[in-house]
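A quick write-up on the structure given underneath.
The values are calculated or read from the model by the stated rules, or taken from the named source; none is laboratory data. Source: prediction; values computed, not measured. No Cβ is skipped: glycine too gets one built from the backbone with ideal geometry, and neighbour counts run over all protein chains shown. Areas reflect the complete protein model, heavy atoms only, side chains present, ligands, DNA and RNA absent. Shrake-Rupley method; radii C 1.70, N 1.55, O 1.52, S 1.80 Å.
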Amino acid sequence: MTPVSYLRAGSAADALRLGAVQGHRLLGGGTNLVDLMRKGVEQPGVLVDVTGLPALIEEAADGSIVIGAAARNSSVAAHPLVRTRYPMLSRAILGGASAQIRNMATVGGNLLQRTRCLYFADAAGSRCNKREPGSGCDARGGFTRYHAILGASPACIATHPSDMAVALAALDARVHLASAEGVRTLSLLDLHRLPGDRPDLETVLAPGEMIVAIELPPSDVAARSIYRKVRDRASYAFALVSVAAGLALDGDRIVDVRIALGGVAAKPWRALRAEATLRGGPATAEAFARAAEVELAEAAPLPGNAFKVPLATRTMAAVLAQLSGEQA
Ligand code: SF4
């Protein structure tokens with residue numbers, strides 16, 4: 001392992017000043033970054049520990065919940081405001097990793113974690129456009145069970161590994177970013193990029209910019225919400241497919257709906273087509289199945305992950321049926 005220096009940021013200003021230096025990386029819980037350093041994928045010269053920065057979870061005047069980027073995943077999942085108002089978020093975090101990892105991992109780090117593509121992690125033996133732009137992609141033609149079926153490109157077919165981010169996408173969460181130029185806020189849906197021809201660019205964060213908080217707006221659908229994760233084994237595996245969904249009904253009519261998919265793309269995949277198909281219509285098993293088919297119509301699977309298309313379709317329909325009390 002390459003020698004690395006360790007600094008602690010005492011404030012956001014400290015973190016911005018130290019983190020903006022080339023070769024420095026911000027360190028949250030380290031549950032992904034340190035793994036990648038051991039594998040030689042990440043080789044920062046200096047780690048700037050930001051776990052001492054604000055980790056508050058509090059209600060704003062407009063009813064939003066604001067969560068500091070240094071908040072531990074376990075604290076978010078267990079917080080009464082999150083558990084009662086945004087149950088899908090709590091469920092997503094609890095399904096995402098072991099208790100030990102949840103106790104270490106931070107909200108900011110969770111959003112910025114890297115893909116678990118096996119070829120990306122194999123710095124010594126595999127070609128990877130994300131790790132080394134222009135080198136190729138050994139996943140294509142390789143083991144693609146965990147790879148993308150939506151939004152992929154010839155350059156990269158990796159998926160984003162976060163469960164938490166999928167729930168945040170469905171909840172219309174906002175991300176607060178800070179840099180030397182000031183603070184800006186964007187939708188979580190706009191934080192991550194699809195790969196295109198630059199899979200090494202994973203987010204819209206500018207150099208020297210950092211996540212300082214996320215914000216959960218009040219939501220009509222969040223109280224009636226579910227996160228369901230389908231994986232190869234019952235505990236602590238990455239999602240083959242996951243669905244975060246919330247539903248607001250008036251009798252058997254759908255007033256509003258939010259759906260996001262995980263395990264299918266390089267970013268949390270908001271199912272906007274399915275939502276548009278459902279909004280204002282009947283809450284029936286047929287409508288849910290039709291909406292799921294509409295969303296997955298543009299899927300472009302590979303032979304090794306073609307099973308994800310019917311799996312995502314059926315899981316989305318089943319989650320919506322469960323929320324509505326219908327039989328799938
Ligand atoms: Fe790298 Fe993406 Fe190909 Fe995986 S799928 S090897 S991350 S370029």
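Residues whose amide H comes within less than 5 Å of that of Arg8, counting only those at least five positions distant or on another chain, are Asp49 (H built at 1.01 Å from N in the peptide plane). Shape class of segment 84-239 from the Cα gyration tensor (axes a ≥ b ≥ c, square roots of the eigenvalues): oblate, since a/c reaches 1.5 or more and a/b does not exceed b/c. For segment 225-324, the square roots of the Cα gyration tensor eigenvalues, ordered a ≥ b ≥ c, give a/c of at least 1.5 with a/b greater than b/c, which places it in the prolate category. Take the Cα of Val34, go 7 Å toward its beta carbon, and the backbone nitrogen atoms of segment 94-126 under 13 Å from that spot belong to 100-106.
Taking θ as phi - 60° and the Karplus parameters 6.51, -1.76 and 1.60, the scalar couplings of segment 118-135 work out to 4, 6, 5, 6, 8, 5, 7, x, 10, 7, 8, 5, 6, 7, 9, x, x, 7 Hz in sequence order, x denoting glycine and proline. For segment 197-205, backbone phi angles converted through the Karplus equation (6.51, -1.76, 1.60; θ = phi - 60°) give residue-by-residue couplings of 9, 10, x, 6, 8, 9, 9, 8, 4 Hz, Gly and Pro being listed as x.
Provide the net charge surrounding Ile65, with neighbours chosen by a C-beta distance below 13 Å and charges set as Lys +1, Arg +1, Asp -1, Glu -1. Write out the running numbers ahead of the final one.
Working: positive: Arg83, Arg85, Arg174; negative: Glu58, Glu59, Asp62, Asp172, Glu215.
Residues close to Ile65 contribute a combined charge of -2.
The chymotrypsin sites (Phe, Trp or Tyr not before Pro) of segment 100-179 that DSSP puts in a loop, and whose beta carbon has at most 13 other beta carbons within 10 Å, are Phe143.
Quick check on the chain: take the gyration tensor over C-alpha atoms, sort the square-rooted eigenvalues as a ≥ b ≥ c, and tell me if it's rounded (a/c under 1.5), prolate or oblate. Verdict is oblate for the chain. A simple rule links phi to the HN-Hα coupling: the Karplus curve 6.51 cos²θ - 1.76 cosθ + 1.60 with θ = phi - 60°, which for segment 243-250 gives 9, 10, 8, x, 9, 10, 10, 10 Hz, with x for Gly and Pro.
In the chain, what percent of the accessible surface is made up of carbon and sulfur (1.4 Å probe, ligands and nucleic acids excluded)? Mind dumping the intermediate values first?
On the way: 7490 of 14180 Å².
Result for the chain: 53 percent of the exposed heavy-atom area is carbon or sulfur.
Among the GluC sites (Glu not before Pro) within segment 154-216, those in coil by DSSP and having at most 15 neighbouring Cβ atoms inside 10 Å are Glu181.
Taking a threshold of 20 Å on the Cα-Cα distance, which of the pairs Lys229/Lys267; Lys130/Lys267; Lys130/Lys308; Lys229/Lys308; Lys39/Lys229 fall above it?
Violating the 20 Å limit, Cα to Cα: Lys130/Lys308; Lys39/Lys229.
Could you provide, to the nearest whole Å², the per residue accessible area of the chain with probe 1.4 Å? Per-residue value: 43 Å².
Computed over neighbours whose Cβ is under 13 Å from that of Met37, the net charge equals +2, Lys and Arg +1, Asp and Glu -1. The H on the amide N of Val241, modeled in the peptide plane, is under 5 Å from the matching H of Val230, each at least 5 residues off or on a different chain.
Ranking of Leu18, Leu272 by solvent-accessible surface, largest first: Leu272, Leu18 (1.4 Å probe, protein heavy atoms only, all chains present).
For the chain, modelled as a GNM whose springs connect Cα atoms under 10 angstrom apart, the maximal fluctuation among Phe288, Phe307, Phe238 occurs at Phe307.
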